[in-house]
Amino acid sequence: MPEKIGDISQADMAAKAGVTCKTLRAWRDDDGIDITDEEAVMARAAIKSRGGKPMDEDMAEIKKRHEFYKAELAAHKLEVERGKHVSHEDMAKDGQRAGMLVRTILQKMSGELTPRLAGKNSAEVEKELAKWSREILSNLANYDTLMKIRNERD
């Protein structure tokens with residue numbers, strides 16, 4: 001016995017659409033068409049009867065969307081060129097370079113500070129450490145330092 005869909009059987013709906021029951025089920029399973037909705041079935045059948053090609057109105061809408069997304073893509077590319085967007089890879093590489101710079105500073109710290117701190121009392125050591133840390137942090141915060149890291153990468 002044919003499967004019923006609403007008030008009409010699948011066979012009757014398929015016949016009305018000019019397709020087989022198998023095609024009707026394929027539209028349901030593959031394309032997500034609600035085969036209980038006569039309007040949706042007939043719209044899908046109209047596309048099938050045109051060989052899967054959209055109607056002129058559909059083509060106009062497709063072209064309109066295509067032009068919109070083409071413009072969006074061009075705007076995005078321009079933003080990338082202007083530096084508004086940075087790729088994940090660039091961020092990761094910059095982070096690695098910054099990490100290497102900090103590691104180098106920390107590795108050199110004992111060699112740089114030992115002569116500066118030799119023979120000083122605790123108050124003088126504190127002042128010298130504060131001075132050294134300000135110099136290092138100023139250097140790290142300097143835009144030229146960051147650009148130098150980036151240029152080394154390129």
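The values are calculated or read from the model by the stated rules, or taken from the named source; none is laboratory data. If you're wondering where the values come from, they're calculated on a predicted model, not measured in any experiment. Positions of Cβ are generated from backbone atoms using ideal geometry, with glycine treated the same way; all protein chains shown enter the neighbour counts.
A compact table of results
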item	result
Neighbours by Cβ (under 6 Å, 6+ apart or cross-chain): first from the stretch 116-136, at pLDDT below 90; second in a helix (DSSP H, G or I)	116/128; 117/125; 117/128; 136/105
Pairs, first free of Cβ contacts under 8 Å to residues at least 60 places away in the same chain in the stretch 86-102, second assigned to a helix (DSSP H, G or I) and surrounded by 13 or more Cβ atoms within 10 Å (Cβ to Cβ), C-beta under 6 Å, six or more apart	97/149
Every residue from the stretch 9-22 that is in contact (Cβ under 8 Å) with a residue 24 or more places away in the chain and under 17 Å from residue 47 (Cβ atoms)	13, 16, 17, 18, 19
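Conditions (1) touching a Phe, Trp or Tyr at 6+ places or on another chain (Cβ under 7 Å); (2) surrounded by 11 or more Cβ atoms within 10 Å (Cβ to Cβ); (3) among the aliphatic types (A, V, I, L, M); (4) outside any helix (DSSP H, G or I), marked per residue:
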residue	(1), (2), (3), (4)
71	no, no, yes, no
80	no, yes, yes, no
85	no, yes, no, yes
90	no, yes, no, no
98	no, yes, yes, no
104	no, no, no, no
